[in-house]
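**Student:** Before I ask anything, here is the structure I am working with.
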Amino acid sequence: MLGEKDEDVFAKKPVEKRRLGEPTGAFKGAAWGALLIGVTSYLIGLYNATMELNEKGYYITLLILGLYAAVSLQKAVRDRDEGIRVTNLYFGISWFALIAALALMAIGLFNAGSITLSEKGFYGISFVLSLFAVVTVQKNVRDTEEANQDN
């Protein structure tokens, strides 16, 4: 009968073995996937762009600065939250670097007359996706390390 087969249909899935505080494999994979998609699409867009080489260099440099600044700021904020000493100078520089990267990207895209509005949106979204993803990846790496040390 139908009632007898319900048990097979709703059988429990095996629970994923992970340490306390460690992110799930799906969350880690989604973060790495978002970072890979964001950075790769940004770089492919630059490779195919008709802008001059110095302008391409500007946008690649902004991506590198933004990724580093986002990771650095995330680490500084989390360190402070966990009671690990972070100097005000380093904390301020981390904020400044991230704000500078975002502002320079916005200014560069606003003043870029050689690219269309849809390309500007593409670079902006790829940049923001990459920054968000790198923060998430760094958080996952740190959470995994802490979970491994606790066990």
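The values are calculated or read from the model by the stated rules, or taken from the named source; none is laboratory data. Predicted model only: the values in this text are computed from it and were never measured. Positions of Cβ are generated from backbone atoms using ideal geometry, with glycine treated the same way; all protein chains shown enter the neighbour counts. Note: areas computed on protein heavy atoms with side chains; ligands, DNA, RNA excluded. Shrake-Rupley method; radii C 1.70, N 1.55, O 1.52, S 1.80 Å.
**Student:** Only one of 106, 70, 147 is free of Cβ contacts under 8 Å to residues at least 60 places away in the same chain and either touching a Pro at 6+ places or on another chain (Cβ under 9 Å) or not in a loop (DSSP other than H, G, I, E, B) (or both). Can you tell me which?
**Tutor:** After applying the criteria, what remains is 106.
**Student:** I've got another one for you. Filter region 32-68 down to the residues that are out of contact with any Lys or Arg (no Cβ under 8 Å at 6 or more places or on another chain) and of a type in the set (Gly, Ala, Ser) and list them by number.
**Tutor:** Correct list: 33, 34, 38, 41, 45, 57, 66.
**Student:** Taking region 74-105 as the search range and keeping residues that are within 16 Å of the chain's Cα centre (by Cα) and closer than 17 Å to residue 129 by Cβ, which one is least open to solvent (accessible area, probe 1.4 Å)?
**Tutor:** 101
**Student:** Further question on the same structure: State the number of residues belonging to region 109-144 that are touching a residue at least 24 places away in the same chain (Cβ under 8 Å) and more than 22 Å from residue 47 (Cα to Cα).
**Tutor:** Selection size over region 109-144: 10.
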